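**Q** Dropping the structure in here first, questions after.
Derivation of every value follows stated rules applied to the coordinates shown; laboratory data play no part. In this text, all values refer to a predicted model and were calculated from it rather than measured experimentally. Reconstructed Cβ throughout: ideal geometry from the backbone, glycine too, with neighbour counts over all protein chains shown.
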Amino acid sequence: MHQTNVDYQQLQQRLQQAGVDCSPSWLHGALFGLIALHDDRHRAPCEGLAGVLAGLDALDEEVRALYRDIWEAIDGPGLDFGMLLPPDTESPDTRARGVIAWTQGFLEGLHCGGLDAFEFPDDSGPHAIGELRELAQTEISGLAEDEEELQEAIEHAWVTAVLVRELLVVARERRAD
C-alpha cells in the first residue's frame, strides 16, 4: 500500500491550531469517503463535512488541496493511494487509534456525502460497509496488542474502502445509463 505524502504531524498541528476536533487520519478517511461517492465534484460534499467539524472552514484551502491530492492519487494511473496514519515510529496504541479514526472518518464521509441515496450493484457493498463499521468500533487495545493484527486491520480497511469506492463507481455508471 502506498503511503500518502502528507505530513501527519504537520496536519495534526494545523488542525489543532484551527480548533478542529479530529485527527489527520479521520479527516483523510472522511475525504476519501466523499471521493468514493462524488469523485472530483467536491464543493458540496466538503461543505457538508464542514458542517460536521467546527473550525474546518478555517482550513478550507488546505482541505480542498488534500481532497484534490487524494482524488489524483486514486484516479491516476495505477493505485497510488494510501491511508494517512500515524508514522510507524509511533506506539501501537497511537497507530491503532489512527486506523480506527480513518475508518470512522471514511464512514462519516460516506454518510455526509449521501450514501443512503446510492444502491450498490450487489451484496458485497453492504457487506463491506458492515466490515468497516465493525473495525470502526474495535477496541484500541485489541488492535494494539499484536503488530501483525494491526497491520492486517490497516490492509483490510484500505482494501475494503477501495472496494466500496469501486462499487460506488459502478453504481454511478449504471445510473448514468
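**Q** Which order do the peptides 98-111, 148-161, 14-27 come out in when sorted by mean C-beta neighbours inside 10 angstrom, highest first?
**A** Working: 98-111: 25.2, 148-161: 17.1, 14-27: 19.7.
Packing proxy ranking, top to bottom: 98-111, 14-27, 148-161.
**Q** Which ordering of Tyr8, Tyr67 is given by a fewest-first count of other beta-carbon atoms within 10 Å?
**A** Numbers: Tyr8 19, Tyr67 24.
By the 10 Å Cβ count, ascending, the order reads Tyr8, Tyr67.
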